[in-house]
1. Return yes when Asp339 is open to solvent by 20 Å² or more (accessible area, probe 1.4 Å), more than 16 Å from ligand 2 (Cβ to nearest atom), of a type in the set (Asp, Glu) and in contact with a helix residue (DSSP H, G or I) (Cβ under 6 Å, 6 or more places away or on another chain) and no when it is not.
2. Looking at the range 246-255, is at least one residue assigned to a strand (DSSP E or B), at pLDDT 95 or above, over 20 Å from the mean Cα position of the chain (by Cα) and surrounded by 15 or more Cβ atoms within 10 Å (Cβ to Cβ)?
3. Anything in the range 201-227 that is of a type in the set (Gly, Ala, Ser) and out of contact with any helix residue (DSSP H, G or I) (no Cβ under 9 Å at 6 or more places or on another chain)? List them, or say none.
4. So if I check each of Ala450, Ala402, which one is without any contact (Cβ under 8 Å) to a residue 12 or more places away in the chain and more than 8 Å from ligand 1 (Cβ to nearest atom)?
5. Residues in the range 362-399 that are on the phi > 0 side of the Ramachandran plot and away from ligand 1 (no atom under 12 Å from the Cβ): how many?
6. State the number of residues belonging to the range 464-476 that are buried (at least 21 other Cβ atoms within 10 Å of the Cβ) and within 11 Å of ligand 1 (Cβ to nearest atom).
7. Being closer than 24 Å to Ala352 by Cα, touching a residue at least 24 places away in the same chain (Cβ under 8 Å) and loosely packed, with under 15 Cβ neighbours inside 10 Å narrows it down to one of Gly581, Gly558, so name that one.
8. Spot the failing condition for Ala281; the list is (1) open to solvent by 30 Å² or more (accessible area, probe 1.4 Å); (2) within 19 Å of Ala226 (Cβ to Cβ); (3) over 23 Å from the mean Cα position of the chain (by Cα), and only one is missed.
Amino acid sequence: MTTGKRDPRYDPLFEPLKIGPVTAPNRFYQVPHCSGMGYRRPQMMAAMRGMKAAGGWGVVCTEYCSIHPSSDDMPYPHASLWDESDVEKLRLMTDAVHEHGALAGVQLWYGGRSTVNLYTREPAFGVNSLPNTAKQGMPLQTKAMTVDDIKTLKGWYQAAAKRAVAANFDIVYVYANHEYLLHDFLSTSINSREDAYGGSVENRVRLIREIIEETRTTVGHRCAVAVRYSIPRDVNDDPDELIKMFGIIAELPDLWDITVNDYNWEMGSSRFVKEASNQVAVAKIKSMTSKPVVSVGRFTSPDTMLKQITSGVQDFIGAARPSIADPFIPQKINQGRLDDIRECIGCNVCYAHNSLGSPIRCTQNPTMGEEWRKGWHADRVPERHANESVLIIGAGPAGLEAACTLGQRGYDVTLAEAQTTLGGRVTEESQLPGFAEWARVRDWRLGQIAKMPNVMVYLDNRLDADAVLELEHQHVMVATGSTWRNDGVGRWLTTPFDGADSPTVYSVENVLKGSIPTSDSQNNHVIIYDDDHYYISAAIALKLRAEGIAVTLVTPEGRVGSWSYYTEEQYGSMAVLVEAGVNVVSNQGLISWNGSAATIQCVFSQVESTISADTLIPITAKLPNDQLWLDLQSRQDEFHSNNGLSMQLIGDGSTPGLIAAAVYSGHKAARELGLPDNEKNSGRRDTTIINFP
Ligand code: ADP
Ligand code: SF4
């Protein structure tokens, strides 16, 4: 319910708190997170972080910020503080954050084993000489650090800390987790040094202790010193004695930013990890220090946030993904607009794009990454350009987002949906095992639309071109989605396989709508052929296994769901497939189906083999549902003579893909309605390049 003012229950979330020499205005803390912007797109980065501060986050941090050219993560655009030009670039961000009264934090980073320095070609320092862990196992090892190298590294750290002060940061991080160099020093299995920096807990934590102390000297009373540190999820199973080492340095920094030692968990997809999942480990740490503690937990519920603070588990509500999905969470809580909070669905599409070296984007928040490029605000849209009406056909993510945004702009909107339910693919997919949170894409938009008297929704209304023309709206947006094809055409096969018309070939839609025969009626073994490589094949396999059906998953890739590597789901997904007893056959493409057996071919040797089964479900690509659009295109004259002004095809009906792309497409169409064509552009290019590509 929207009340316009804060429920006093949430007051503890808005109490200022000192972090050493600086004071955070409230308890909302955007922890460091990747943006795919960094040194390469500093204007975009500044505007994106500034938007978080505008939304009420009391602390806003950078992504990982390299301290020296020997820690270069090309092709990923991290931030950097190598020289004066970096100071200038990062000042754009600190200015944007300070403008809204928030504190700006910088996460000083040295990669070690995780970098191969493709741009600078400098050797990466390592605790020992070990193979790098990045770039698909590129044959390159780290340089084992001598004691002189350790001194050099500390010098680089302090030079970067000085630049951080010059760039006007308020919080300077010592980054000691995520398997980067400082973390390696802590590890018994990686740190095999026999000098004063290896062996005992005192020795393994020595470098971090020294860097914290030296950073404090460098930044003086101008900045707080924060440490990012991780401990095991199970605090009773701590082979590296991270908790003991924490005890040695517990009182040294001004703030602890705590995570768990398992990135698949910390950054877990909502399929496997739920809200507030790190908090046992965080509570342990909190009990060992008098310093403020921040931690993430994909917090989206104000009550869960409040509980963290009032129960004393942590002092700040750390957020990366929730602040990406909704940069205005703090302001919405403050204004009593709880039902306006756009909750993260935990799909990790944001992270995937950073991993692709591109600016992040978000399934829930189509404005993410577009704050500077397109000047899009995360909570406001321009008013309608004229008193005109819009008909949207199809209430999937594209249609719902368009309706929501156009409604917010003040247009008269009619949304027609063929089915008796709203949400399109999101409604279907969110019923798959583990995907319940994805329904938030539908539910947030429905919640917004319900408050808009200018948006009318009609269910069970399949429109054809005659109906669309009869309705005489000035603008028409066709959001009719797409349908999974079942003829095998995709990446590996570009023409249908022999036997694609067999009655024992089913599609994803058949499974989602529950219309494939179950095991009781002779469907004991299903082959899923996955040439899609994201989540749907694994999800369908698990659904069928839960129904007692034997599943063989065949893929031309080396692992199932190869693209879900980017969303940090692949390991979790493989683990549950193995656990569920799904038989995985990799590196095999589909050749044909004879009604009871598939012929498959090794992608390397071309050797063929067969697998018998009752049913084949090929999952390879989608067909846009664009017939209505094509019909309307052929009747454009009629449309225009009835005062029709514009027609657009949006979402999967145009270009099937990620839900994030459909939402973005609906948003862009709605936000730009009424703009002259020359202002509907693909965004400015951030060319603020000073001395690094
Ligand atoms: P997107 O991801 O692009 O939003 P979806 O496939 O999720 O696409 O949703 C498309 C929606 O459009 C579905 O709910 C579907 O029932 C609806 N739809 C398709 N054709 C029509 C039509 N002719 N009239 C009304 N609704 C339609
Ligand atoms: Fe959350 Fe997905 Fe948006 Fe990332 S992309 S913030 S995981 S909704």
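1. On the way: open to solvent by 20 Å² or more (accessible area, probe 1.4 Å): yes; more than 16 Å from ligand 2 (Cβ to nearest atom): yes; of a type in the set (Asp, Glu): yes; in contact with a helix residue (DSSP H, G or I) (Cβ under 6 Å, 6 or more places away or on another chain): yes.
Here the answer is yes, as Asp339 does meet what is asked.
2. Here is the first cut: in the range 246-255, the ones assigned to a strand (DSSP E or B) are 255.
Narrowing the set further to residues that are at pLDDT 95 or above leaves 255.
Among the residues that remain, those that are also over 20 Å from the mean Cα position of the chain (by Cα) are: 255.
From what's left, surrounded by 15 or more Cβ atoms within 10 Å (Cβ to Cβ): 255.
Yes, the range 246-255 contains at least one residue that is assigned to a strand (DSSP E or B), at pLDDT 95 or above, over 20 Å from the mean Cα position of the chain (by Cα) and surrounded by 15 or more Cβ atoms within 10 Å (Cβ to Cβ).
3. Within the range 201-227, the first condition is being of a type in the set (Gly, Ala, Ser), and the residues that meet it are 220, 224, 226.
Across the range 201-227, the qualifying residues are Ala224, Ala226.
4. Numbers: Ala402 fails: without any contact (Cβ under 8 Å) to a residue 12 or more places away in the chain.
Selected residue: Ala450, the only one of Ala450, Ala402 that is without any contact (Cβ under 8 Å) to a residue 12 or more places away in the chain and more than 8 Å from ligand 1 (Cβ to nearest atom).
5. Step one: filter the range 362-399 for residues on the phi > 0 side of the Ramachandran plot, giving 369, 375, 394.
With the extra rule that they be away from ligand 1 (no atom under 12 Å from the Cβ), the set shrinks to 369, 375.
Of the residues in the range 362-399, 2 are on the phi > 0 side of the Ramachandran plot and away from ligand 1 (no atom under 12 Å from the Cβ).
6. Going residue by residue through the range 464-476, those that are buried (at least 21 other Cβ atoms within 10 Å of the Cβ) are 468, 473, 475-476.
Add one more test, that the residue is within 11 Å of ligand 1 (Cβ to nearest atom), and what stays is 468.
Number of matching residues: 1.
7. On the way: Gly581 fails: closer than 24 Å to Ala352 by Cα.
It is Gly558.
8. Result: Ala281 passes all but (1).
The values are calculated or read from the model by the stated rules, or taken from the named source; none is laboratory data. Everything quoted here is computed from the prediction, not taken from an experiment. Virtual Cβ from ideal backbone geometry, glycine too; neighbours counted across all protein chains shown. We work out accessible area using only protein heavy atoms, side chains counted, and drop any ligands, DNA or RNA first. Shrake-Rupley method; radii C 1.70, N 1.55, O 1.52, S 1.80 Å.
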